[in-house]
Amino acid sequence: EAVLKAAEEQMQARERQWSVTNPDSEIYAINHSDGNMVEISLDTAKLIQFALDMSAQTDGALDTTIYPVLTAWGFTTGSYQVPDQDTIDKLLSAVDYRNIHLKDSSVTIADGVQIDLGAVAKGYIGDEVADLLREQGITSALINLGGNVQTIGTKPDGSLWRIGVRNPFADGNLGVLEVEDMAVVTSGGYERYFTDEAGNTYWHILDPKTGYPADGGLVSVTVAASEGKRCDALSTALFVMGPEQAADYWRSCGDFEMLLVLADGDIWLTDGLNNTFTLSEKDTNREVTVIRHETK
Ligand code: ADP
Ligand code: MG
């Protein structure tokens with residue numbers, strides 16, 4: 001009970017520190033700095049540095065400065081609308097993670113630039129909570145932060161943890177991943193979206209190049225790796241990239257596994273998940289493609 005309480009307090013402290021909307025948060029202070037340098041805590045500097053590294057590694061598919069565009073679509077408030085092209089163009093001109101200047105524990109952003117760590121913070125916090133539990137001698141745990149699952153060890157009986165992968169097209173699970181000591185994070189277009197009068201669907205993961213919801217052909221991306229923060233950053237970035245580019249990206253680094261659900265309902269998964277993932281009974285007719293490293 002005491003360990004769980006400490007974990008909960010840690011998560012709440014991070015929420016206060018990193019929320020974009022809480023006027024007392026460090027991110028809020030950065031976003032309202034009018035171009036002035038802001039002193040931040042070491043933890044916040046570490047998280048921002050991680051987000052910047054991942055933005056660079058994914059060639060800007062992940063971009064921590066997308067927030068103003070997200071706001072224009074109403075994803076931050078729930079007052080959804082399709083912004084006109086002029087608005088998008090104007091806002092996009094300030095979207096570039098290279099507009100964030102971080103040095104040690106001070107950060108400067110130009111007026112008009114805004115930071116949002118929504119795509120990476122949950123994974124980072126999951127890692128922290130897992131570390132906290134491990135330090136307290138916990139050898140078996142499952143932490144679920146909503147779309148972000150972090151496991152420690154196996155189940156107490158020694159069997160693998162079973163993590164459901166949600167079906168983006170209907171209720172229930174598409175299948176189950178069996179893992180131990182791993183983080184599993186899903187980004188899905190079905191999580192937050194709206195539909196316009198013409199029946200077009202718009203979701204909350206945006207392509208920083210267009211300012212529009214990413215439509216590279218994916219409806220969900222699940223990433224499994226030892227670190228939750230890497231899974232979280234990648235699930236968002238790979239969603240933006242689309243299946244082909246995501247496969248290339250995996251081949252170039254390969255220190256994670258992924259399961260892609262394509263818009264047409266097909267599934268692509270990396271080699272390492274081939275024996276780890278089991279389709280639900282009603283989904284066994286789906287086409288599953290295994291992504292492998294190119295053989296020389
Ligand atoms: P969730 O937080 O819904 O589990 P994600 O980890 O994929 O899902 O993060 C999506 C959130 O990240 C959005 O709500 C938004 O705040 C932000 N976001 C959307 N598109 C991008 C992007 N291309 N780069 C960085 N952050 C993004
Ligand atoms: Mg993410």
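The values are calculated or read from the model by the stated rules, or taken from the named source; none is laboratory data. Keep in mind the model is a prediction, meaning the values are calculated, not measured. Here Cβ is always computed from backbone atoms with ideal geometry, including for glycine, and neighbour counts include all displayed protein chains.
Determine if the range 213-232 includes at least one residue that is more than 27 Å from Leu92 (Cα to Cα), among the hydroxyl-bearing types (Ser, Thr, Tyr) and in contact with a Ser or Thr (Cβ under 6 Å, 6 or more places away or on another chain).
Yes; the residues of the range 213-232 include at least one that is more than 27 Å from Leu92 (Cα to Cα), among the hydroxyl-bearing types (Ser, Thr, Tyr) and in contact with a Ser or Thr (Cβ under 6 Å, 6 or more places away or on another chain).
For the condition assigned to a loop (DSSP other than H, G, I, E, B), modelled with pLDDT of 95 or more, at negative phi and surrounded by fewer than 16 Cβ atoms within 10 Å (Cβ to Cβ), what is the one hit in Gln114, Gln81?
Gln81
Being within 16 Å of ligand 2 (Cβ to nearest atom), at pLDDT 95 or above and either of a type in the set (Val, Ile, Thr) or surrounded by fewer than 20 Cβ atoms within 10 Å (Cβ to Cβ) (or both), is that true of even one residue in the range 248-259?
no
In the list Gly265, Gly199, which residue meets the criterion of being exposed (fewer than 15 other Cβ atoms within 10 Å of the Cβ) and out of contact with any strand residue (DSSP E or B) (no Cβ under 8 Å at 6 or more places or on another chain)?
Matching residue, one of Gly265, Gly199: Gly199.
Using the structure shown, decide if Asp53 is more than 19 Å from the chain's Cα centre (by Cα) and of a type in the set (D, E, K, R).
no
Just checking, does the range 213-234 include any residue being in a strand (DSSP E or B), aliphatic (A, V, I, L, M), within 22 Å of Asn275 (Cα to Cα) and more than 16 Å from ligand 2 (Cβ to nearest atom)?
Looking for residues that are in a strand (DSSP E or B), aliphatic (A, V, I, L, M), within 22 Å of Asn275 (Cα to Cα) and more than 16 Å from ligand 2 (Cβ to nearest atom), one finds none in the range 213-234, hence no.
Out of Ile40, Ile109, Ile100, report the one residue that is farther than 16 Å from Gln17 by Cβ and either touching a residue at least 60 places away in the same chain (Cβ under 8 Å) or within 15 Å of ligand 2 (Cβ to nearest atom) (or both).
Ile109
Among the residues of the range 168-197, which ones are in a loop (DSSP other than H, G, I, E, B), touching a residue at least 40 places away in the same chain (Cβ under 8 Å) and of a type outside the set (Lys, Arg)?
Selection gives Pro168, Phe169, Gly172, Asp181, Met182, Gly189, Glu191, Asp196.
For the range 138-147, state whether one or more residues are assigned to a helix (DSSP H, G or I) and either surrounded by 14 or more Cβ atoms within 10 Å (Cβ to Cβ) or touching a Lys or Arg at 6+ places or on another chain (Cβ under 7 Å) (or both).
Among the residues of the range 138-147, not one is assigned to a helix (DSSP H, G or I) and either surrounded by 14 or more Cβ atoms within 10 Å (Cβ to Cβ) or touching a Lys or Arg at 6+ places or on another chain (Cβ under 7 Å) (or both), which makes the answer no.
From the list Leu177, Leu218, Leu132, which residue is surrounded by fewer than 19 Cβ atoms within 10 Å (Cβ to Cβ) and more than 11 Å from ligand 1 (Cβ to nearest atom)?
Leu132
Hey, Asp255 hits all of (1) outside any strand (DSSP E or B); (2) under 26 Å from Thr87 (Cβ atoms) but one; which does it fall short on?
Result: Asp255 passes all but (2).
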